Every structure is written in structure tokens, then in C-alpha cells.
Amino acid sequence: VHSTAGNSAHWSHQLAHLRPTRRAVALDLRGHGRSERPKDGDYSISSMSDDVHAVVDALRIDRFVLVGHSLGGGVALTYAGDHPDRIAGLLLLDPIGDATQYPTAEVQALLSKLDTDYAATIEGYWDQIAGPDSSVRERLRNDLRSTPQETVIRVFQAVMQFDPNPGLGRYNGPTLSVVTPHNNEPSSLHRLGQGFPHRIVEGTGHWIQLDKPDELNRILDEFLSEVSGKHALY
């Protein structure tokens with residue numbers, strides 16, 4: 001499950017790596033990629049979790065490992081909390097954190113800037129969190145510009161309201177967070193509650209799967225092997 005202003009193609013390296021031996025699926029969240037914008041304007045994380053549920057039901061995938069990046073990490077955790085019996089393992093890639101810990105004034109300032117000066121604010125933020133690879137940075141800028149402004153703003157609003165604690169309380173299966181050094185804060189998901197394992201990847205931007213695909217693939221393989229040793233995957 002991809003990030004804000006991302007799409008299923010962000011997982012191309014992982015899909016190509018996994019599909020010779022496993023079934024692997026990626027989707028475009030509502031308002032992203034080839035998916036239509038919701039007519040009711042609902043971009044809540046719970047609604048996107050419902051979209052994941054619709055996809056896996058339509059594909060008759062009963063039990064699976066769920067991987068989510070950034071926004072998709074919040075969506076994945078929400079889904080795991082709502083459907084813990086379906087999830088054999090949860091891998092979160094530089095996921096969004098606990099928005100209840102964010103200072104209200106800073107949140108409101110960011111949302112206000114998105115409303116009043118969208119292009120400069122969002123592209124400046126993307127430049128801050130993108131990695132050193134110029135081709136990846138240009139790809140991310142193009143993906144951002146092709147995502148509707150309404151989608152990005154509504155998703156940011158949803159992210160700034162995200163409370164991960166219900167999901168963390170209802171799902172207690174195998175979990176791993178793969179993060180950049182900047183995502184190792186008190187509000188980071190792997191540091192909430194009782195905590196869970198995490199791996200830090202150095203020398204990359206927020207889109208680890210694009211900057212360091214081979215390293216992420218190795219981590220994926222290790223996690224899938226660990227999960228397969230504990231659960232039957234279908």
C-alpha cells in the first residue's frame with residue numbers, strides 16, 4: 001500500500017522480486033494512480049483500509065502479509081487492527097506516526113500553507129524528504145504533480161488526525177518497521193505502547209523502496225521467511 005501521491009508502480013522492484021515464488025499485489029488508493037477520486041470526498045484512513053479489504057476480498061486472498069509505506073503504513077495498521085485474523089505479518093515502511101502527539105499549532109500551520117500556497121509548500125516538503133537519487137526525485141515530483149490537489153490536501157488532513165493506538169491494540173501478530181533515521185521519534189509507530197522490532201536504513205530518503213530496492217527486498221525476504229515459519233500463508 002503506497003504513500004500519499006504515490007501509486008502501485010512504487011512497488012515495481014518488490015513485485016518483480018517476489019512474483020517468481022509468491023503472489024504479490026499492489027493497489028492504487030482512492031484518488032491516486034488509476035483509481036478514481038471518491039465522489040463523497042472521503043479520504044479517511046479507515047475508508048482506505050476498507051478499499052484494501054475490498055481488493056483482497058475480490059481477489060480471494062484470505063491470509064497474507066501486508067506491507068504499507070508512509071500513509072500506506074497507517075492504512076495497513078488500521079486494516080490489521082480491523083481484520084487481525086487475515087494478517088499473517090505486517091511490514092511498515094517509514095510509516096506515518098501518532099498524530100495525537102503532533103503539536104496542534106504546527107499541524108494547523110502546515111494545513112493552512114497547503115490551502116494558501118499549495119505548490120510551493122508541497123513541493124518544498126517533497127524535496128526535503130526525497131533521497132539523493134536525482135532520477136527518483138524527478139519521478140516523485142511527477143507523481144506528486146499528477147495527483148489531484150484535493151486528494152493530497154484531504155489525505156494530509158487525514159494523516160494529521162491519525163490515531164494508531166486502536167490498531168496497535170487489536171493486532172499483535174508479527175510486525176516490523178523499516179525506517180529512515182528521521183523516523184525514530186517518540187511518535188513513531190515502533191516506539192508506541194510495548195513497541196515492536198524496527199530496522200533503520202541509512203543513506204536514503206523517505207521512499208526506501210525506490211532509493212534502495214535491493215536492501216528492502218532482502219529485508220522483505222527475511223521477514224517473509226520468519227512469518228512463514230510461524231504461520232501458513234495462502
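The values are calculated or read from the model by the stated rules, or taken from the named source; none is laboratory data. Here the structure is a predicted model, which means the values were calculated and not measured. In this analysis, Cβ positions are derived from the backbone assuming ideal geometry, glycine residues included, and neighbour counts consider all displayed protein chains. Just so you know, the surface numbers come from the protein's heavy atoms only, side chains and all, with ligands and any DNA or RNA stripped out. Shrake-Rupley method; radii C 1.70, N 1.55, O 1.52, S 1.80 Å.
Computed extension gain for residue 142 through residue 104, at 0.36 nm per residue and net of the alpha carbon distance, reaches 10.6 nm.
Checking every one of the trypsin sites (Lys or Arg not before Pro) in region 1-68 against DSSP loop status and a limit of 16 other Cβ atoms within 10 Å picks out 22, 23, 34, 39, 60, 63.
Here the simple spin-label model places points 7 Å from the Cα toward Cβ, and for residue 119 and residue 187 these points are separated by 2.9 nm. Within the accessible area of region 38-88, what % is carbon and sulfur when the probe is 1.4 Å and the other protein chains stay in place? Of the solvent-accessible surface of region 38-88, carbon and sulfur hold 50 percent.
Sparsely packed loop sites in region 130-209 (the GluC sites (Glu not before Pro) outside DSSP H, G, I, E and B with at most 15 other Cβ atoms within 10 Å) comprise 202.
So the label point goes 7 Å from the Cα of residue 58 along Cα→C-beta, right? Which residues of region 6-47 then have their backbone N under 17 Å from it? The answer is 7-9, 24-40, 47. Our summary of shape: the Cα atoms of region 109-234 have principal axis extents of 50, 34, 29 Å, ordered from largest down, in whole angstrom. Counted residue by residue at 0.36 nm each, then reduced by the alpha carbon distance between them, the extension gain from residue 127 to residue 149 reaches 6.2 nm. The residues packed around residue 126, meaning those with a beta-carbon under 15 Å from its beta-carbon, carry a net charge of -3 if Lys and Arg are +1 and Asp and Glu are -1.
Counting only Cβ charges, +1 for Lys and Arg and -1 for Asp and Glu, the dipole size of region 62-168 around its Cα centre is about 180 debye.
Computed packing ranks the peptides 84-91, 102-109 as 84-91, 102-109, most packed first, by mean other Cβ atoms within 10 Å. Shape class of the chain from the alpha-carbon gyration tensor: rounded, with the ratio a/c of largest to smallest axis under 1.5. Each Cα pair under 8 Å and six or more residues apart adds its sequence gap; the mean of these over the residue count of the chain is a relative contact order of 25 percent. A simple charge model with +1 on the Cβ of Lys and Arg, -1 on the Cβ of Asp and Glu and nothing else charged puts the dipole of the chain at about 580 debye relative to its Cα centre.
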